[in-house]
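**Q** Below is the structure I would like to discuss, written out as structure tokens.
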Amino acid sequence: MGSSFTLDYPVTERSAPEQAPTAGTALAPELRPRTPLAHDDQRIADARRGTGGETLADFLGFFSIGLGLAETLAPGAVARMIGVDPQSDRVRNTLRLMGMREITSGLGILSKQQPATWVWSRVAGDALDLGLLATALTNKENKRGRTMFGIASVLGVTALDVMNARQLARQEETPSHEARDHGMIEQRRAITIARPVAEVYGFWRNFEQLPQFMRHLERVTMLDERRSHWVAKAPAGASIEWDAETTEDIPNERISWASLPGSQVHNAGTVEFREAPRGMGTEVRVRIEYKPPFGKLGAKVAKLFREEPGAQIHDDLRHLKQVLELGEIVLSDATKQRGMHPAQPNTEPVER
Amino acid sequence: MKAACWMGPKNMQVVDVPDPQILNQSDCIVRVTSTAICGSDLHLYNNFLPLMERGDIMGHEFMGEVVEVGRNVKSLRVGDRVVVPFPIACGVCNACTSDLWAACENSNPNAWLAETMLGHSPAGIFGYSHLTGGFAGGQAEYVRVPFADVGPLKVPAGMRDEQALFLSDILPTGYMGAEMCDIRPGETVAVWGCGPVGLFAIASAYMLGAERVFAIDRFDYRLRMAREHTGAITIDYTQVDHVPSVLKDLTGGRGPDKVIDAVGLEAHGHGPLYLHDKVKQAMRIHPDRAIALREAIHSVANGGTVSVIGVYAGLVDKFPMNAVVNRGLTIRAGQCHVHRYLEPLLRRIEDGDIDPTFVITHRLPLAEAARGYELFANKQDCCEKVVLTA
């Protein structure tokens, strides 16, 4: 599992220097938004920016896998559909090969690593398909009507592919996208806690307290001012350990950390604190990125069982809120253990 | 202990389960003396709400005697007699301190589930599916009550169980339905549904200054209760072609100033739209039949308010947004912030402004809970409200 990935890009996005109050020029100066806050918000909004092509890319990824499976598992049926000889071994083998190509493209697109490249690989595949179908047209034994229909369908999908690849290629070089291209998964979550910023920051600053609300952590030990040792629970009773370094610590504002090179699981995180409006306490915004042990597909499978670390972050933040606001994590009979249980008392101990 | 458990659609059973324990140090354990079956329990019984598990203890309207308190409980002692609000609220989060108790940010341990379906999570609720936390309910001999210092209201010594019990849900819910209408003197209000919540909404509308209240239902005995106990002018919608036209006749063509939907997702009706809803609901394309809500929106006067206290669990189809926008309507809705209304409504009961016991038609022992559900669900024996006693 040992990842050799090293951190070669900045973990945190530094906030831009404060600007002169130029935003909202249509408004009288006293009515304009307070610039530092508005600027900070724009940065947060932009951090989530993609290209708008991600949904279509997902669709094309699943489409690729579906078509690929059909070609690989039922080449005869596909052959009949496009009007070529379903009995011919050459046809069947070609279809199987094309099917495997489709599946590869599909998985590549869904992995979200350099998605534009993977969608271009579909365009190349479309060209290959069109070439093969054109060749099929020259054979008089084939049902040309069906082949023509096949060509029309591929042309339609090709248009979508080209459009999507060009859209995805507009992806900006942000740290998030760079991390994603390196196979990292990024999670962002935020919560408001009705306690003062100094208290919330102070609680998080002591990493040894993190297991109090992060359910997947067993313990964190500070090795010195900057370095810490983390032990997390892994499936089937195993545990994963790594050393991390605090890469940034601005009191009451931001803490960043990253696992040290050579760690079992690469991960890094940033937590930002900001005073909430109207005296509502503290806004806590967390960004965690990690390299999943079994790749992104592994993470997708884990998500089905709700074991993906990203899905835990929001529960973790909710638990932090409960620890700070109430002093303990709220339980119900059905949720005191993991998995589904009826909402009735049982004598089992609370499972953390 | 004995508890009424959901064992599948239309299958309630009273079974032996372990006694509840203190799980959080702000909990108390209550020995239930009286509990009731709520109309919203019927949505679970009829399987219209998602995320139920075989064995879930039902019930969110209950009261009783405190028998155990957690270390951090300050305001309650063993022996106190309390009535418990159905939403579970922590009392310290921003929602609770803004008087929005049913939107408590801390009390739903399954908030992630609710967020997926609703965008944000509401408060946890006793015995009301895993979407609202998987809390064991109060149709049992004992129940664990979280945040004992926040929810439970001590019941005055002279007050009978039956007078106080409905403070847990249906009286405040009906009252909030009327309060959301911001009734001004002389205004007319129409209420869809003459179940217990509808009846309390009618009574509350009069308490809050409505001049006339119209009530719409299809069961004779319910319409009779609305007339006799709450003074409503009643309309049997199965006997008229078009309820909005009748309401126009009654209001000089203006329509009622304020309307309340106390029906929710299992509304009945007649005509093609009802069939459309019924088919789609059966096919699970969209689970909610919003016939009453649509009719209420069409009926209300221009600039009027539509107050929704009926239960909705899923999406609603054919929603008349055109009427809402073009006629400048206001829609207000909510699970009741019961904590807000406990003290004021207790005072109203003590002062004799309202006697909430009039809704009770059936009193059964807890052991007969299954029969209570059947009676209530099928409207048998003129069933309006079932109270279960230990």
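The values are calculated or read from the model by the stated rules, or taken from the named source; none is laboratory data. As the structure is a computational prediction, the values presented were derived from the model and not from experiment. Methodologically, a virtual Cβ is constructed for each residue, glycine included, from the backbone with ideal geometry; neighbour enumeration extends over all protein chains shown.
**Q** Go through (1) closer than 24 Å to A:GLU325 by Cβ; (2) within 9 Å of another protein chain (Cβ to nearest Cβ) one by one and return the number of the condition B:VAL73 breaks.
**A** Result: B:VAL73 passes all but (2).
**Q** Within the bounds of segment A:35-52, is there any residue that is more than 27 Å from the chain's Cα centre (by Cα), at pLDDT below 90, surrounded by 14 or more Cβ atoms within 10 Å (Cβ to Cβ) and in a helix (DSSP H, G or I)?
**A** Yes, because at least one residue in segment A:35-52 is more than 27 Å from the chain's Cα centre (by Cα), at pLDDT below 90, surrounded by 14 or more Cβ atoms within 10 Å (Cβ to Cβ) and in a helix (DSSP H, G or I).
**Q** Filter segment B:83-97 for residues that are under 15 Å from B:GLN335 (Cβ atoms) and not hydrophobic (A, V, I, L, M, F, W, C); which is surrounded by the fewest Cβ atoms within 10 Å (Cβ to Cβ)?
**A** Of everything passing the filter in segment B:83-97, B:PRO87 is surrounded by the fewest Cβ atoms within 10 Å (Cβ to Cβ).
**Q** Hey, can you tell me all the residues within segment A:169-185 that are under 16 Å from A:ILE288 (Cβ atoms) and either buried (at least 18 other Cβ atoms within 10 Å of the Cβ) or within 14 Å of chain B (Cβ to nearest Cβ) (or both)?
**A** A:SER176, A:ALA179, A:ARG180, A:MET184, A:ILE185, listed by residue number.
**Q** Now a separate question. Kindly list the number of the only condition in (1) modelled with pLDDT of 95 or more; (2) within 24 Å of the chain's Cα centre (by Cα); (3) assigned to a loop (DSSP other than H, G, I, E, B); (4) closer than 24 Å to B:ALA111 by Cα that fails for B:ASN24.
**A** If we test B:ASN24 against (1) modelled with pLDDT of 95 or more; (2) within 24 Å of the chain's Cα centre (by Cα); (3) assigned to a loop (DSSP other than H, G, I, E, B); (4) closer than 24 Å to B:ALA111 by Cα, just (2) comes out false.
**Q** What single numbered condition from (1) part of a helix (DSSP H, G or I); (2) at pLDDT 80 or above; (3) farther than 25 Å from A:ARG166 by Cα fails to hold for A:ILE103?
**A** Every listed condition holds for A:ILE103 apart from (3).
**Q** To continue, here is another question. How about segment B:32-69: which of its residues are in a strand (DSSP E or B) and either farther than 26 Å from B:ARG371 by Cβ or within 14 Å of chain A (Cβ to nearest Cβ) (or both)?
**A** Within segment B:32-69, B:VAL32, B:ASP56, B:ILE57, B:VAL66, B:VAL67, B:GLU68, B:VAL69 qualify.
**Q** Would you confirm whether or not segment B:223-231 contains a residue that is surrounded by fewer than 24 Cβ atoms within 10 Å (Cβ to Cβ) and at pLDDT below 95?
**A** Within segment B:223-231 (the criterion being surrounded by fewer than 24 Cβ atoms within 10 Å (Cβ to Cβ) and at pLDDT below 95), the answer is no, since none of the residues qualifies.
**Q** Among the residues in segment A:295-304, are any buried (at least 16 other Cβ atoms within 10 Å of the Cβ), under 25 Å from A:HIS182 (Cα atoms), modelled with pLDDT of 90 or more and among the charged types (D, E, K, R)?
**A** No, every residue in segment A:295-304 fails to be buried (at least 16 other Cβ atoms within 10 Å of the Cβ), under 25 Å from A:HIS182 (Cα atoms), modelled with pLDDT of 90 or more and among the charged types (D, E, K, R).
**Q** Oh, and also: Out of A:PHE149, A:PHE203, A:PHE213, A:PHE207, which single residue is more than 28 Å from the chain's Cα centre (by Cα) and at negative phi?
**A** Checking each option against the conditions leaves just A:PHE149.
**Q** Considering only segment A:121-168, state which residues are assigned to a helix (DSSP H, G or I), of a type in the set (Lys, Arg) and exposed (fewer than 13 other Cβ atoms within 10 Å of the Cβ).
**A** none
**Q** For segment B:338-363, what are the residues that are over 23 Å from B:PHE376 (Cβ atoms) and either of a type in the set (A, V, I, L, M) or not in a helix (DSSP H, G or I) (or both)?
**A** Matches in segment B:338-363: B:LEU342, B:LEU345, B:LEU346, B:ILE349, B:GLY352, B:ASP353.
**Q** Being touching an Asp or Glu at 6+ places or on another chain (Cβ under 6 Å), under 30 Å from B:PRO185 (Cα atoms) and in a helix (DSSP H, G or I) narrows it down to one residue among B:ALA323, B:ALA292; which is it?
**A** The conditions single out B:ALA292.
**Q** Could you check how many residues of segment B:238-257 are assigned to a loop (DSSP other than H, G, I, E, B) and either among the aliphatic types (A, V, I, L, M) or within 22 Å of the chain's Cα centre (by Cα) (or both)?
**A** The number of residues fulfilling the criteria is 1.
**Q** Here's another thing I want to ask about it. Suppose we filter segment B:293-336 for residues that are over 23 Å from B:TYR128 (Cβ atoms) and aliphatic (A, V, I, L, M); how many remain?
**A** 11
**Q** Give segment B:251-296 a look and list any residue that's surrounded by fewer than 17 Cβ atoms within 10 Å (Cβ to Cβ) and at pLDDT 95 or above, or say none.
**A** If the condition is that a residue be surrounded by fewer than 17 Cβ atoms within 10 Å (Cβ to Cβ) and at pLDDT 95 or above, then B:GLY252, B:GLY253, B:ARG254 are the ones that fit.
**Q** Can you tell me which residue within segment B:76-92, out of those that are touching a helix residue (DSSP H, G or I) at 6+ places or on another chain (Cβ under 8 Å) and in a strand (DSSP E or B), is farthest from the other protein chains (Cβ to nearest Cβ)?
**A** Among them, the one singled out is B:VAL83.
Condition check ((1) within 9 Å of another protein chain (Cβ to nearest Cβ); (2) closer than 23 Å to A:VAL350 by Cβ; (3) among the aliphatic types (A, V, I, L, M)) across all residues:
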residue: B:ASN94; (1), (2), (3): yes, no, no
residue: B:CYS104; (1), (2), (3): no, yes, no
residue: B:GLY119; (1), (2), (3): no, no, no
residue: B:ALA123; (1), (2), (3): no, yes, yes
residue: B:SER129; (1), (2), (3): yes, yes, no
residue: B:GLY133; (1), (2), (3): yes, yes, no
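**Q** Ok, one more. For a quick check of your reading of the model, give me the residue pairs whose first member lies in segment A:325-352 and is without any contact (Cβ under 8 Å) to a residue 12 or more places away in the chain and within 7 Å of chain B (Cβ to nearest Cβ), whose second is in a loop (DSSP other than H, G, I, E, B) and among the hydroxyl-bearing types (Ser, Thr, Tyr), with beta-carbon atoms closer than 7 Å and at least 6 apart or on different chains.
**A** From segment A:325-352, the pairs are A:VAL330/B:SER107; A:ALA343/A:SER332.
**Q** Among the residues that make up segment B:145-159, is at least one of them more than 19 Å from A:GLN322 (Cα to Cα), surrounded by fewer than 24 Cβ atoms within 10 Å (Cβ to Cβ) and under 18 Å from the mean Cα position of the chain (by Cα)?
**A** No: zero hits.
**Q** Next question, about the same structure. Could you tell me whether segment B:297-307 includes any residue that is within 16 Å of B:SER204 (Cα to Cα), among the small types (Gly, Ala, Ser) and either buried (at least 22 other Cβ atoms within 10 Å of the Cβ) or modelled with pLDDT under 95 (or both)?
**A** Yes, that holds for at least one residue.
**Q** Condition first: within 20 Å of the chain's Cα centre (by Cα) and farther than 16 Å from B:ILE170 by Cβ. Now tell me which residues in segment B:45-63 satisfy that.
**A** Those that are within 20 Å of the chain's Cα centre (by Cα) and farther than 16 Å from B:ILE170 by Cβ: B:TYR45, B:ASN46, B:ASN47, B:PHE48, B:LEU49, B:PRO50, B:LEU51, B:MET52, B:ASP56, B:ILE57.
**Q** Inside segment B:30-56, can you point out the residues that are surrounded by fewer than 22 Cβ atoms within 10 Å (Cβ to Cβ) and under 19 Å from B:GLY151 (Cβ atoms)?
**A** B:ARG31, B:THR33
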